[in-house]
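Notes follow once the structure below has been shown.
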Amino acid sequence: MGAQRYHVITGSRLSRRAALRGAALTGLGGAALWMVGCSSSNNNKKGAAATATKAATTAASATSAAPAASAAASAAATRAATSAPAASAAAGSPAASAGSATPKIADFGWVNNAPDLKATPKKGGTLRFGTHVVPPGLDPVKSASYESANIYTPVYSRLIRAQYGTELQPYNPWRLMITNDLAASMEHPDAMTYTFKLKPNVKFQNVDPVKGRAFTADDVKYSLNAFLANPETATYLAAVKVDAVDPQTVKISLTKPANYVLQAMADPRIVMLAHEVADADGDFSKRAIGTGPFILDNFQPNVSAHYKRNPDYYRTDRPYMDAMQFDNFKDNASSKAAFIAGQYEMSQYALLNPLDDIKDILAAQKNTVVFKLQSRWQSNIFAMGFPADKAPWNDQRVRIGISKGWDRSVYGKKAYGGDYNVLGPYAWIDEFDSAPDLGDAYKFDQKAAKDMLSAAGQANLTVPFDYFPYGGDADDQLQTIQNQLKEIGVDLKLNKLDATAFFAKYYGQKADGPISSFIPTTPRWAPLSMLVLWHSGSPKNYLRLSSPEFDAAVDKLTTTEDKDEQKKAYQDAFNKLVQPAFFVSWTESPTYSVHSPKLHGFLPNMYNDPTGWGNQAMEDWWLDT
Amino acid sequence: MAQYIVRRLLLAVPVLVGVSLLVFFMARILPGDVFTAQSGTAGLTADQRAKLRHEAGLDRPLAVQYFDWAGHAAVLNFGDSLWNRRSVNKELRRAVPITLELTVLGSLIGLLIAVPLGVLSAATRGSPVDYLARLFGVIGLSIPSYVLGTLAITYLAVWFRWTPPAGGISFFSNPWRNMQQFLIPSTILGAGFSAAVVRMTRSSVLGALHEDYVRTAWAKGLRARLVLLRHVLRNALIPVLTLSGAQVGYLLGGTVIIESIFTLSGVGSMAFDAITNRDYFVLQAVTLLAAAAFTLVNLLVDISYVWLDPRIRLR
């Protein structure tokens, strides 16, 4: 969003020229930017259970802090089936110490007005949230869109879920720890079987046509089968068979080894549904009725959503807030202005350019809480992808030559003051103890680049590049790259598309030349994303990569039960994907989230991200009213 | 007169059919479809997309799709949105009052500024007032409404810690809050509207001031106000009205951005979303509605000529 220039709101005087220029750019950029959103990825597997006993995971009570069946990320851990009581909501550490905790390459924390994580939550109040999502219906089965998830996630529960903010000790936004949601316990007697006992006395929301009936194992079976019948979710839910053993017991059998089944089921979109809704409406597009903390009592697509507290929620002390009001903004400047005016506790558009927008907001609202995350769990990598089966892009020398031809620090310094990252979710994950080696492609050397291209017979290369400016500054950044590549005889022909046209070309596998500006990495847990998007056997291998070495590494990554082997396999897969430069990343700024100091409990992680995939953690948010 | 109106309404039918055909086919030329847009970054394989297109009937021949849609549209049934499966009619019932209020209020404010200013400018030709009015016209035409809107909302937030509330509250349910929402965006739309009209009013009034009947009125010793209002303005208004009718079309276009900036989810926003999301049924309905509104406004303008100039006979 570096292209966006808002006017300077600081105490300094604002010149008319600056104001007009800023307004014009903001207005123009805003129209494109309202579509922007998304986020996500990643994992971690450190904490938790490593004991390899075939025990049962006995998750504790359903009260305040959720029971943490810390099945961690690895299947080895899940097999161990530990039971660790989760942290209370009051626990946690301040930003500075959180920032110095694992993962080692991580860079996150509060850069202004760090919240007191030990403050005692208060009940009541209405959260006012400015969103920008235009959800394509509310059906979790039919739409994998983050925009739909953004609206429906507070309504539903999952069988298992990712731990929320302070449940993670220490808080670590990159860590994916699995805990029970509607499950009370889990047994993992062998690599192919999971048995879940359900919490007793869980009821659906008391809304027609479900009318507060009890939640049973049949609902789990119905819900998971619905997602398995959908080709999108089926691609990452693995091959599973679901059986309701009795009203309180569900058995899930794998038909082939898949160590990621828990991570996939904890995805915020894999929610527990009530069949009565689909029976009445045909699908789940129009109404969202679940067992979750909030009841969606008024929803006007593209306008607003209003939620009220679910009095029958199984966590009797949650949610803290009485209600939530989401208002839809299409314009970034308006969203920011409304936040500055104090009309919203949080604004989804407050994912901002640190050099401009944060400064503006802090000048107007000095106490605003600002959270920085170096590389969000983006569901995208900002990069140039090469169709792997088309000449000359199938020549590694060409791909690496192009990548070596531009200096990433030029734009990184210009737009982000030198604070930037590359390769987003794949590199910034807890699988690495230190920054990974990105290989020769990321070492700027124009002479070597020219030599490589010449050796490949491409001394004067024209690169047609279809892109969609996802993220506000793709245009700026690509023009910077274009200028640098000219110096090595590469003519980057930029062809800008709108989102849908871009998706049609990319997902339609119609790309003959380099494409993107961003490579979607959904699902967001990086190992799963690698399997779904780059494995030659996946129907979603849109850039038609066929690398036996990479496939072997991913096969190992997604089947081994040994955590150390998993980690090694991830690094191996990463190297086999990144170092041959099947796609080459450019720079990305850190993500900044801002919210009012009245709001507490905002501790995002990859599966609980109110500015992206979902808001299920909103049950832990509270307002200092 | 009645015959004229009926004939004009009948003539509007081919216009609307033409517009619907144009939009129908142009929307389908755009790369990608609603299902591609819906899947977003999650993506969709060719098989998945084909299945969804079949379920929605989008794999049928275009002619079949058009006549199917047109048959329903003829009885004002615009179907369900492909994007969110909601009834388009229901969405229009919510959105139309927002855009209507914005457009009507914008036009009224524009006329209230433009006509007096144009008359004053012409009546005081060469004076500082005239120069100021002309300067207003030039500035108003030069600054796009989205710039004014962004500036307005930003300064309101920074200086007064206030921005117009989001949503679209009916005037009848809460007039005060409704005005909080609509007054500023309508004024911004009206400013752009008035800039064009003030220049036309000025030149038209200047032309009328030199007519023989005006000289006669002066010679009769009528008061200046009477001369200006009864003899000059009434005759000068015909080109002003013609321009205003055309400006309503531009005003409707302007609401797309203004609605986005001021978080008013009216028809403009619906159109914008529909184009982005390739939501064909919504796009077709909105375009048809806009074309019908534009046609109706121009009919009203034509009818008003008779009131302004009894010599005109509509046949």
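The values are calculated or read from the model by the stated rules, or taken from the named source; none is laboratory data. Here the structure is a predicted model, which is why all the values come from computation and not from measurement. No Cβ is skipped: glycine too gets one built from the backbone with ideal geometry, and neighbour counts run over all protein chains shown.
Miscellaneous remarks
- Listed here are the helices (runs of 4 or more DSSP H) enclosed by the stretch A:499-591 that have at least 1 residues being over 27 Å from residue B:36 (Cα atoms): A:548-559, A:563-578.
- Residue in the stretch B:29-48 that is within 14 Å of chain A (Cβ to nearest Cβ), surrounded by fewer than 17 Cβ atoms within 10 Å (Cβ to Cβ), more than 29 Å from the chain's Cα centre (by Cα) and modelled with pLDDT under 90 present: yes
- Condition check for residue B:267: under 30 Å from residue B:56 (Cα atoms) and under 20 Å from the mean Cα position of the chain (by Cα): yes
- Filter result for residue A:91 (in a loop (DSSP other than H, G, I, E, B) and at pLDDT below 50): yes
- Checking A:581, A:553 one by one, the residue that is in contact with a Lys or Arg (Cβ under 8 Å, 6 or more places away or on another chain), at pLDDT 90 or above and surrounded by 24 or more Cβ atoms within 10 Å (Cβ to Cβ) is A:581 and no other.
- If you go through the stretch A:461-479 and keep only what is small (Gly, Ala, Ser) and within 14 Å of another protein chain (Cβ to nearest Cβ), you end up with just A:471.
- Residues being surrounded by 13 or more Cβ atoms within 10 Å (Cβ to Cβ) and either among the hydrophobic types (A, V, I, L, M, F, W, C) or not in a helix (DSSP H, G or I) (or both) - total across the stretch B:219-245: 11
- Evaluated against (1) farther than 27 Å from residue B:117 by Cβ; (2) within 12 Å of another protein chain (Cβ to nearest Cβ); (3) in a helix (DSSP H, G or I); (4) not β-branched (Val, Ile, Thr), residue B:177 falls short on exactly one condition, (2).
- Out of A:560, A:522, sole residue that is in contact with a Leu (Cβ under 9 Å, 6 or more places away or on another chain) and either of a type in the set (Ser, Thr, Tyr) or at pLDDT 90 or above (or both): A:522
- Single residue of A:271, A:277 found to be touching a Phe, Trp or Tyr at 6+ places or on another chain (Cβ under 6 Å), part of a helix (DSSP H, G or I) and of a type in the set (A, V, I, L, M, F, W, C): A:277
- Within the stretch A:380-398, the set of residues being at pLDDT 90 or above and polar (S, T, N, Q) comprises A:394, A:396.
- All positions within the stretch A:480-506 that are crowded, with 20+ Cβ neighbours inside 10 Å and within 12 Å of chain B (Cβ to nearest Cβ): A:499, A:500, A:502, A:503, A:504, A:505, A:506
- Flag if residue B:214 is surrounded by 16 or more Cβ atoms within 10 Å (Cβ to Cβ), touching a Gly at 6+ places or on another chain (Cβ under 9 Å), in the same structural domain as residue B:294 (by TED's automatic domain parsing) and farther than 30 Å from residue B:99 by Cβ: no
- All told, residue B:193 falls short of being in a loop (DSSP other than H, G, I, E, B) and more than 27 Å from residue A:361 (Cβ to Cβ).
- Residues that are in contact (Cβ under 8 Å) with a residue 60 or more places away in the chain, touching a helix residue (DSSP H, G or I) at 6+ places or on another chain (Cβ under 8 Å) and either charged (D, E, K, R) or closer than 18 Å to residue A:238 by Cα (or both) within the stretch A:546-583 comprise A:558, A:560, A:561, A:562, A:563, A:566, listed in sequence order.
- In the stretch A:224-267, the residues that are part of a loop (DSSP other than H, G, I, E, B), under 21 Å from the mean Cα position of the chain (by Cα) and surrounded by 20 or more Cβ atoms within 10 Å (Cβ to Cβ): A:238, A:259, A:260, A:266, A:267
- For the stretch A:199-239, the set of residues classified as under 13 Å from residue A:252 (Cα atoms) and either touching a helix residue (DSSP H, G or I) at 6+ places or on another chain (Cβ under 6 Å) or basic (Lys, Arg) (or both) consists of A:221, A:222, A:228, A:237, A:238, listed by residue number.
- Taking the conditions (1) buried (at least 20 other Cβ atoms within 10 Å of the Cβ); (2) assigned to a helix (DSSP H, G or I); (3) free of Cβ contacts under 8 Å to residues at least 24 places away in the same chain in turn, residue B:99 satisfies each one other than (3).
- Checklist (1) within 13 Å of chain A (Cβ to nearest Cβ); (2) under 30 Å from residue B:13 (Cα atoms); (3) modelled with pLDDT of 90 or more applied to residue B:255, failing item: (3)
- Residue that is part of a loop (DSSP other than H, G, I, E, B) and out of contact with any Asp or Glu (no Cβ under 9 Å at 6 or more places or on another chain), where the choices are B:76, B:11: B:76
- Filter result (modelled with pLDDT of 90 or more, surrounded by fewer than 21 Cβ atoms within 10 Å (Cβ to Cβ) and within 14 Å of another protein chain (Cβ to nearest Cβ)) within the stretch A:300-321: A:304, A:306
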